[in-house]
1. List every DSSP H helix in the chain whose Cα atoms extend 24 Å or more along the helix's own long axis and whose mean Kyte-Doolittle hydropathy is at least -1.0.
2. First compute the accessible area of the range 134-259 with a 1.4 Å probe, then give the percent of it belonging to carbon and sulfur atoms.
3. So with the 1.4 Å probe, I'd like the accessible area per residue for the chain, rounded to whole Å².
4. May I ask you to rank ASP174, ASP208 by accessible area, largest first, using a 1.4 Å probe over the protein chains only?
5. Using a Förster distance of 41 Å, how high is the FRET efficiency between ARG135 and LEU209, based on the Cβ-Cβ distance and rounded to 0.05?
6. Okay, helix-only estimate at 222 nm for the chain: each DSSP H run of n ≥ 4 adds -39500 (n - 2.57), divide by all residues, round to 500 deg cm²/dmol; what do you get?
7. Using 1/(1 + (r/R0)^6) with R0 = 30 angstrom and r between the beta carbons of GLN221 and ARG310, what's the FRET efficiency to the nearest 0.05?
8. How high is the relative contact order of the chain, given as a whole-number percent (alpha carbon pairs under 8 Å, six or more residues apart)?
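The values are calculated or read from the model by the stated rules, or taken from the named source; none is laboratory data. Quick caveat, the model's predicted, so the values are computed rather than measured. Here Cβ is always computed from backbone atoms with ideal geometry, including for glycine, and neighbour counts include all displayed protein chains. Heavy atoms of the whole protein, side chains included, go into the accessibility calculation; ligands, DNA and RNA do not. Shrake-Rupley method; radii C 1.70, N 1.55, O 1.52, S 1.80 Å.
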Amino acid sequence: MATPTPSKVHIFDTTLRDGEQSPGCSMTVAEKVRLAHKLSDLGVDIMEAGFPIASAGDFEAVQKVGREVAVKVAALARCTALDVERAAKALEGSKVAPRIHVFLATSDVHLKYKLKKTRAQVLEEAAKAVTLARRYVEDVEFSAEDGGRTPVEYLIEVARAVVGAGAGTVNIPDTVGYGIPEEYGALIGQVARALGSSAVVSVHCHNDLGLAVANSLAAVQNGARQIECTVNGIGERAGNCSLEEIVMVLKTRADKLPFVTGIRTEELFPASQLLTEIIGVGVQPNKAIVGRNAFAHEAGIHQDGFLKERTTYEIIEPHSVGVPESRLVLGKHSGRHALNSRCTELGLHLDKDQLDQVYARFSAFTDTKKGILDEEILKLANEVLAGGASRKTA
Ligand code: MN
């Protein structure tokens, strides 16, 4: 039986909008343009470059990115005429047909306390904003803010209304990161079945419970075909779905997941590094895919296995995500195999007896220190090689 053709999942990057609006992550217009070029190298399908009504800087960033980068650019707008017109203005002259992304909250808690509006009012305003946006652009996305906590019947009613008004993409965000995969996946499945082929269902998950990637995956398995995500997972509060993680889940487990993205994965690490350089905020060392330790091995048993055959302890080839090489970190958990391999790299060839002696000194050293530098290994080894025979018989 032939394998079914994998479905394309669109990667909608919002590093320049949701990511940028999180504490410590703001970027100047020039920095946004620089990162936008890297996102283009990365192969994102669409990038949200800002919220033009929010500030002059956001307006200018959307305008510059749209005019300089040959990727579809989205501009965010609330469901008001002023917002939509401002977004349309910022997108004028874009290289690639742009998208206006309008949003309005749909959950009871947002309607009651934040908007102080009825469901009927929200429904009407949403459809009206989409109709207006369609006067300026062909491609309109509607987001039902706090969709994850919206009763499904109303969510479907809103989704059908905005599609009827001309939205091509309906995003159901888990704005507050409250969903769990099975529940959120089921919600997405119900909306996707209700819309059929009339629109693309999109997801936008926050990471308040550390489930943004898992929830996005559940959504895709239930019919979503666009994932909104950010480089390094930056974004409001605990951040958004991490682009590098969701892309590598789909790629690494293609045996179980019949989906493809257009991402050039070799650019994942360079994109992560550039973002860190620009905002001055890095990822934790143990961050999947792009963290400093993601391809580092220190434990002796792991190092020994890794040196014999990489796949014993690595499921991703570092070069495939743009990481130069795996790192064997020498420390107190390391064994002779890794130490000998490092000594060989440093140009020292030790016999078994010499290796035992260097290893004894190495163990004593690393028991009291956090790590060991190559120069320190050289010093220990040279002491053994210099004093070797006399010490042995002493
Ligand atoms: Mn968000």
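1. Span-like helices in the chain: 119-136, 352-368, 374-393.
2. Ligands and nucleic acids excluded, carbon and sulfur give 50 percent.
3. Counting only protein heavy atoms, the per-residue value for the chain is 45 Å².
4. Reading off the accessible areas and sorting them downward yields ASP208, ASP174.
5. 0.55
6. -14000 deg cm²/dmol
7. The calculated FRET efficiency here is 0.50.
8. For the chain, the relative contact order is 14 percent.
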